[in-house]
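The next block holds one structure in the form of structure tokens; read it before the comments.
The values are calculated or read from the model by the stated rules, or taken from the named source; none is laboratory data. Keep in mind it's a predicted model, so treat the numbers as computed, not measured. Here the Cβ positions follow ideal geometry from the backbone for every residue, glycine too, while neighbour counts run over all protein chains shown. Areas reflect the complete protein model, heavy atoms only, side chains present, ligands, DNA and RNA absent. Shrake-Rupley method; radii C 1.70, N 1.55, O 1.52, S 1.80 Å.
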Amino acid sequence: MNAVEAENLRKSFGYVTAVDGVSLSIPEGGIFGFLGPNGAGKTTTIRMLTGVLIPDSGKVSVFGDDVHQNPIAAKLKMGVIPENGTVYSDLTARQNILLTGKFYGMEKDLCEKRAAEILERLGLTERRNDLVRLFSKGMRQRISIACAIVHSPPLLVLDEPTTGLDVYSRRLVIDTVRHMNEDGSTVLLTTHNIDEANALCSDIGIIDKGKIIASGSPEKLKKTFDTSRYVEISFDRPVGKEIFSAPGITRAEQWGDKWRIYSDDPDIAVKHLASVAERDNLSIISIATSNPSLEEAFVKLTEGI
Ligand SMILES: Nc1ncnc2c1ncn2[C@@H]1O[C@H](COP(=O)(O)OP(=O)(O)O)[C@@H](O)[C@H]1O
Ligand SMILES: [Mg+2]
């Protein structure tokens with residue numbers, strides 16, 4: 001059974017189509033990243049997946065329970081950290097967690113034990129009896145996560161969990177997400193940060209203008225754009241573009257004092273460049289091959305190429 005199964009979700013706000021036919025199957029066990037620029041429809045999708053917003057059409061289930069027909073059963077299986085985390089400012093860190101545990105019907109002793117464990121993991125033990133209103137943004141976000149994981153949910157949903165956080169909070173949040181995943185939770189998170197998606201996610205769906213435009217593992221997405229690999233080279237004196245034309249080389253572009261030579265096979269490009277340098281008596285000052293980056297894939301896709 002999939003952790004999340006969404007079929008053709010749509011949502012418009014007035015004339016703005018925020019989500020335009022999103023379907024998703026997220027298998028149990030992984031960390032799925034929903035990657036897209038601001039305004040792409042990530043938050044709207046997450047709100048429909050978690051039962052906060054009713055879709056105009058389409059349906060979604062979490063571990064087999066329809067989120068809109070069977071909301072309580074579905075919600076008990078999720079821990080949700082919304083975009084602007086929700087915590088009670090007039091309660092202490094510990095009280096926030098205990099109260100959330102109570103909402104989920106957890107037994108008091110278990111809840112206390114789990115709260116202590118989570119506070120420690122999130123670096124908040126010393127501040128556990130302080131009111132949350134005194135906390136920084138990073139600390140509030142950590143409390144928001146603490147509340148979302150108190151009942152060890154099989155599905156953890158985080159909307160831009162690290163956006164705007166200090167380095168320390170960010171690391172603790174990422175460690176906690178990884179730890180929850182190792183302990184068996186399936187994770188669904190959104191981000192507009194490509195490096196984060198690359199480092200954290202086993203699968204990625206790229207969303208733009210309300211539609212999923214590509215999906216797969218980070219490696220697979222990078223490979224899709226393998227043809228845009230290039231060799232960057234500079235010589236001891238200026239050269240003309242014509243020296244780069246050869247079978248297997250798709251194009252050459254000047255970049256400052258360097259040239260980028262695009263090829264499906266960097267090996268061909270490097271050998272050609274070496275032979276040209278030899279023939280024309282050019283010294284090679286620098287040479288490097290690029291690896292396809294997820295960023296390249298992302299930029300190309302969201303530019304609609
Ligand atoms: N409650 C709302 N009312 C009107 N427009 C909205 C609302 N929520 C989102 N939108 C619009 O829907 C689009 C997608 O927004 P959102 O899902 O928040 O994107 P993301 O989270 O990827 O940045 C944007 O154009 C946004 O302005
Ligand atoms: Mg958002």
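All conditions in (1) assigned to a loop (DSSP other than H, G, I, E, B); (2) under 22 Å from THR163 (Cβ atoms); (3) away from ligand 1 (no atom under 16 Å from the Cβ) hold for ASP90, with the sole exception of (2).
Test of understanding: among ALA277, ALA197, ALA297, which residue is closer than 30 Å to LYS42 by Cα and either outside the structural domain of LYS77 (by TED's automatic domain parsing) or open to solvent by 30 Å² or more (accessible area, probe 1.4 Å) (or both)? If you could, list the steps in order and put the result at the bottom.
Values: ALA277 fails: closer than 30 Å to LYS42 by Cα; ALA197 fails: either outside the structural domain of LYS77 (by TED's automatic domain parsing) or open to solvent by 30 Å² or more (accessible area, probe 1.4 Å) (or both).
Of ALA277, ALA197, ALA297, the one residue that is closer than 30 Å to LYS42 by Cα and either outside the structural domain of LYS77 (by TED's automatic domain parsing) or open to solvent by 30 Å² or more (accessible area, probe 1.4 Å) (or both) is ALA297.
Taking the condition open to solvent by 60 Å² or more (accessible area, probe 1.4 Å) and more than 18 Å from ASN84 (Cα to Cα), does ARG127 pass? Even if it seems obvious, please write down each step before you answer.
On the way: open to solvent by 60 Å² or more (accessible area, probe 1.4 Å): yes; more than 18 Å from ASN84 (Cα to Cα): yes.
Spelling it out, ARG127 is indeed open to solvent by 60 Å² or more (accessible area, probe 1.4 Å) and more than 18 Å from ASN84 (Cα to Cα).
Screening LEU200, LEU158 for residues that are more than 15 Å from ligand 1 (Cβ to nearest atom) and under 16 Å from the mean Cα position of the chain (by Cα) leaves exactly one candidate, LEU200.
Counting just the residues of the stretch 1-53 that are in contact with a Gly (Cβ under 6 Å, 6 or more places away or on another chain) and in a loop (DSSP other than H, G, I, E, B), which one comes out most open to solvent (accessible area, probe 1.4 Å)?
Ranking the candidates gives MET1 first.
Just checking, does the stretch 55-67 include any residue being surrounded by fewer than 14 Cβ atoms within 10 Å (Cβ to Cβ) and within 11 Å of ligand 1 (Cβ to nearest atom)? Within the stretch 55-67 (the criterion being surrounded by fewer than 14 Cβ atoms within 10 Å (Cβ to Cβ) and within 11 Å of ligand 1 (Cβ to nearest atom)), the answer is no, since none of the residues qualifies.
Inspect the stretch 145-158 for any residue being farther than 27 Å from GLY51 by Cα and open to solvent by 60 Å² or more (accessible area, probe 1.4 Å) and give the result as yes or no.
So in the stretch 145-158, the residues farther than 27 Å from GLY51 by Cα come out as none.
Scanning the stretch 145-158 turns up no residue that is farther than 27 Å from GLY51 by Cα and open to solvent by 60 Å² or more (accessible area, probe 1.4 Å).
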